[in-house]
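Peer 1: Encoded as structure tokens, here's the structure I'll be asking about.
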Amino acid sequence: MKYLTLLFAIIIASCSQPQKPVTFKADISNTEAKELTITGFDYTKKIAIAEAIASDTLSITQAGVYQLSFGRATTGIYLSPGDDVSMSVDAKEFTKSLSITSPHTDVQDYIKVKADLEGSIFSRALFDLNPDEFASKVSSRKDSLVSIFNASPAKEILSNESESIDLFVKRLMFIYPDYSDRKVTDLPLDYQNVLAGLDLGDESRYASMPNYKKLVKDHFSMNMYRDTSDTYEAVFMNHISELPAGNIRNQLLYDDMKFILGPNDKLEKMYSFFNEKSSNIEHKGKIEELYTAFQKLKKGELSPTFDYENHAGGTIKTEDLAGKYVYVDVWATWCGPCIGEIPSLKKVEKQYHGKNIEFVSISIDNKPDHDKWKKMVDDKELGGLQLMADNAWQSKFVKDYKITGIPRFILIDPEGKIVSADAPRPSDKKLIETLNGLSI
């Protein structure tokens, strides 16, 4: 009996031995991001970036590929308890400059090659192919990925990589109809049944496999976009409500709510819905911050101001437009939906020409695209006042209005007060109803 007691004590002690932490340091130049995030296997660590350095210890319990991200940059990184890992990168040339030093060089090299190959196949040109050409191209790239993996020393370490490659291919096949503007029912059965038998509610795989996580996200988003039974917000709430409670629902809810929640008449309803459905404390804190910020953007509040370069020369600031209604379009040359609104915006501008309203378009293109912005304004003969923000997404006007997606439209009254911080788009008939209800 004493022997068994001692044996159990030894087993318990050995199981409770803490794993050695990962020592991590990143040298990141040319970024405005304030923190770096590492996620995977139900693990999340946020590390502050101070003077281009992010450094900390990571108490992970499972070896594998984690996702490292800051700003809009992301990469896979292999971590194992006890590792000493360092990274250096220039955020402006992320792919070219990324260098990771770790005890698992072979695995890290494979991750980079795989990312480059996946990135090269995921292009607009791919989805312009007809269904047979697309399937052949994807199959060929899958063979390349499998071949590279089988020839890499990483094969002995990454136990679920074959499944990850298969999920990447399934994802491409699944999103093909929407990306190519084709109906699923018009495509071969391989496209219609690509996800048959696949469980998309596996919390473990969602936490540990990036390609599974992306597929789950795309499956949710595509099914929601294909549902035209009601308004976008109503469809979103219905589809979220159908998911079982857990980390998958929490993340999908949070990811979309960051963009759906806005300073409009749906704010209170969407905020209440989020709090009812989410069980993630961190997510709730961030959405509460956003909700609180939106209180300052209600109708009748003084509008945040701008002072930006005018395409016609000089600068234009909010005060220059005092006494007029101002309809602001926040856009960028790379934004397809923004460009799609241009014909409708031109019609509205023409309809209200000579009225007491100014149409202002603010580009949030990056500074290197300044000439591209000027050329597009000329080529498309854009009307109204064409301005360019001084710091893209980080411009004060953009941040003050909590803009996380474009196009975004804003309506300001002659006294500089907000009429709508999330006004109807030019293509929405509600815009004309709104404008006709004003003394313009």
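Just so you know, all these numbers are worked out from the coordinates, no wet-lab data involved. Being a predicted model, the structure only gives us computed values, none of them experimental. Quick reminder, even Gly has a Cβ in these numbers, built from the backbone with ideal geometry, and neighbours come from all protein chains shown.
Peer 1: Take the Cα radius of gyration of segment 177-241 and divide it by 2.2 N^0.38 Å, with N its residue count; two decimals is plenty.
Peer 2: 1.24
Peer 1: Per DSSP helix of 4 or more residues, -39500 (n - 2.57); summed, then divided by the residues of the chain. What does that give at 222 nm, rounded to the nearest 500?
Peer 2: Value at 222 nm, helices only: -13000 deg cm²/dmol.
Peer 1: Antiparallel DSSP bridges in the chain: what percent, to the nearest 5?
Peer 2: Bridges in the chain that DSSP calls antiparallel: roughly 70 percent.
Peer 1: Order of ASP116, ASP329, ASP320 from fewest to most other C-beta atoms within 10 Å?
Peer 2: ASP116, ASP320, ASP329
Peer 1: For labels at ASP428 and LYS25 in the simple 7 Å Cα→Cβ model, what's the distance in nm?
Peer 2: About 5.1 nm, to one decimal.
Peer 1: Could you name the aspartates and glutamates whose alpha carbon sits less than 20 Å from that of LYS417, not counting residues in the same chain fewer than 8 places away?
Peer 2: Candidates past the 8-residue exclusion: ASP265, GLU301, ASP307, GLU319, ASP320, ASP329, GLU358, ASP400, GLU433.
Peer 1: Just to be sure I understand: if I project the alpha-carbon convex hull of the chain onto a plane and average over all orientations, what area do I get in nm²?
Peer 2: 26.6
Peer 1: Moving on. What per residue convex hull volume, in Å³, do the alpha-carbon atoms of segment 227-297 yield?
Peer 2: About 79 Å³ per residue, rounded to a whole number.
Peer 1: Going by the alpha-carbon gyration tensor, a ≥ b ≥ c the square roots of its eigenvalues, is segment 97-240 rounded (a/c under 1.5) or, if a/c is not under 1.5, prolate (a/b greater than b/c) versus oblate?
Peer 2: Taking the square roots of the gyration eigenvalues as a ≥ b ≥ c, segment 97-240 is prolate.
Peer 1: Exceeding 19 Å between C-alpha atoms, which entries from my cross-link table qualify? They are LYS298/LYS402; LYS372/LYS429; LYS317/LYS346; LYS296/LYS324; LYS46/LYS286; LYS114/LYS142.
Peer 2: Flagged as over cut-off: LYS372/LYS429; LYS317/LYS346; LYS296/LYS324.
Peer 1: Right, next: Calculate the FRET efficiency for LYS258 and LYS46 from the Cβ-Cβ distance with a Förster distance of 22 Å, rounded to the nearest 0.05.
Peer 2: Calculated value: 0.85.
Peer 1: Within 11 Å, Cβ to Cβ, of PHE168, how many net charges do the neighbouring residues add up to if Lys/Arg are +1 and Asp/Glu are -1?
Peer 2: +2
Peer 1: How would you rank MET270, MET388, going from fewest to most other Cβ atoms within 10 Å of each one's own Cβ?
Peer 2: With the fewest neighbours first, MET270, MET388 line up as MET270, MET388.
Peer 1: Which whole-Hz couplings ³J(HN,Hα) result when phi for each residue of segment 148-154 is put into the Karplus expression 6.51 cos²θ - 1.76 cosθ + 1.60, θ = phi - 60°, listed in order with x for Gly and Pro?
Peer 2: Per-residue couplings from phi come out as 4, 5, 5, 8, 9, x, 4 Hz.
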